[in-house]
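*Asks:* Submitted below is the structure of interest, expressed as structure tokens.
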């Protein structure tokens, strides 16, 4: 992270300290995420393959002042309908 962790808000600290987020970041496959969608309002969608065959998808709002809509289809993130079993949306 390119920030001083001592200055993170409680909300942001809960995200970066989340065990699932850490597991995705440190996945043994070592593959970096790819940004596959970017809006002019700061919306981004990232995805990466994981060692066990799962796919991690991140919806990110870089504009923390305004809510934004991100409309992305599963095929856009290279996920076939048959793979949508067990989708985790915390």
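*Asks:* Quick check on the exposure proxy: order 12, 48 from fewest to most C-beta atoms within 10 angstrom.
*Replies:* On the way: 12 14, 48 18.
Starting with the residue having the fewest Cβ neighbours, the order is 12, 48.
*Asks:* Taking other Cβ within 10 Å of each residue's Cβ, how do 73, 39 sort, fewest first? All intermediate terms of the calculation are to be shown ahead of the outcome.
*Replies:* Values: 73 7, 39 15.
With the sparsest Cβ surroundings first, the list reads 73, 39.
*Asks:* Sticking with this one: Could you check the spin-label model distance between residue 41 and residue 64? Points 7 Å from the Cα along Cα→Cβ, value in nm.
*Replies:* Result: 1.9 nm between the two label points.
*Asks:* List, largest first, the extents of the alpha carbons of segment 5-83 along their principal axes, each in whole Å.
*Replies:* 39, 30, 18
*Asks:* Going by C-beta contacts inside 10 Å, put 35, 6 in order with the fewest on the left. If you can, show how the numbers build up before the last one.
*Replies:* Details: 35 11, 6 6.
So the residues, fewest neighbours to most, are 6, 35.
Throughout, read-outs are computed from the coordinates displayed, never taken from laboratory work. Just so it is clear, the model here is predicted, and its values are computed rather than measured. For neighbour counting, all protein chains shown are included, and Cβ atoms are generated from backbone atoms with ideal geometry for every residue, glycine included.
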